[in-house]
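Notes for the one structure printed next.
The values are calculated or read from the model by the stated rules, or taken from the named source; none is laboratory data. Bear in mind that the values here come from a model prediction, so they are computed numbers and not experimental data. Reconstructed Cβ throughout: ideal geometry from the backbone, glycine too, with neighbour counts over all protein chains shown. In case anyone asks, the SASA skips ligands and DNA or RNA and just uses the protein heavy atoms, side chains included. Shrake-Rupley method; radii C 1.70, N 1.55, O 1.52, S 1.80 Å.
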Amino acid sequence: MTVREALEVAEEDTTEYKRSYFRHWIDADRDGCNTRQELLLEEAVEAPEQGAGCKLTGGLWYSAYDDTYINGPSGADADHRVPLDEAWDSGATIWTALERQDFANDLGDPRSLVMVSARSNRSKGGKDPAQWQPPAEGNRCEYNTYWVVVKTRFRLSVDPAEKEALVSELAQCPNDEITVELAR
């Protein structure tokens, strides 16, 4: 059985969502850098300068969603592979506040968060793979695979259209074995 076959299919729970339900960009390890800053440092193609309070300047990042490079941290967005509102609609309504915080700041699996251009992140918004695919077609296998990884890692469901899109997109990808460490 493939991971995508194992995903639970369920209609989305459209209970009112608020971004504040997911406390994000925390400094979990208390080193002065929040989750977004940690991700910027980890994914930099050219390292930024790090000042007091983890203020980052300069640096270069690659946005795989649109196959472009980003100069400076202000043009880069930390993207939740599975958007917070999608997680909410897919099962996070029953999570504790701490579980939602853990999801929003998941540095435990490098496939959960990714630095992308602000333009591509805004274009994606809260959409799932049935509604949005990366403009860079060369990133679609990774994008859809990692979507499945995150949904599996956090035991989130997929809606019927989302699963259909995932199956269709992943049918065109290498059938590589992946491992997923469950977060909850």
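Annotations
- Some residue of region 47-62 being assigned to a strand (DSSP E or B), over 28 Å from residue 136 (Cβ atoms) and not aromatic (Phe, Trp, Tyr): yes
- Within region 146-162, no residue satisfies the criterion of being farther than 18 Å from residue 84 by Cα and either of a type in the set (S, T, N, Q) or crowded, with 20+ Cβ neighbours inside 10 Å (or both).
- Scanning region 25-43 for residues that are of a type outside the set (D, E, K, R), surrounded by 13 or more Cβ atoms within 10 Å (Cβ to Cβ) and without any contact (Cβ under 8 Å) to a residue 40 or more places away in the chain yields 33, 34, 37, 41.
- Residue in region 54-112 that is nearest to residue 150 (Cα to Cα), counting only those that are among the small types (Gly, Ala, Ser) and in contact with a His (Cβ under 9 Å, 6 or more places away or on another chain): 112
- Residue count for region 72-127, restricted to those that are in a helix (DSSP H, G or I), among the small types (Gly, Ala, Ser) and closer than 23 Å to residue 59 by Cα: 4
- Residue in region 115-132 that is over 21 Å from residue 99 (Cβ atoms), in contact with a Phe, Trp or Tyr (Cβ under 6 Å, 6 or more places away or on another chain), of a type in the set (Val, Ile, Thr) and surrounded by 16 or more Cβ atoms within 10 Å (Cβ to Cβ) present: yes
- Contacts under 8 angstrom Cβ, first residue in region 72-91 being of a type in the set (Phe, Trp, Tyr), partner open to solvent by 10 Å² or more (accessible area, probe 1.4 Å), 6 or more apart: 88/13; 88/15; 88/17; 88/21
- Qualifying residue in region 7-21 (condition: touching an Asp or Glu at 6+ places or on another chain (Cβ under 9 Å), among the acidic types (Asp, Glu) and within 20 Å of residue 143 (Cα to Cα)): no
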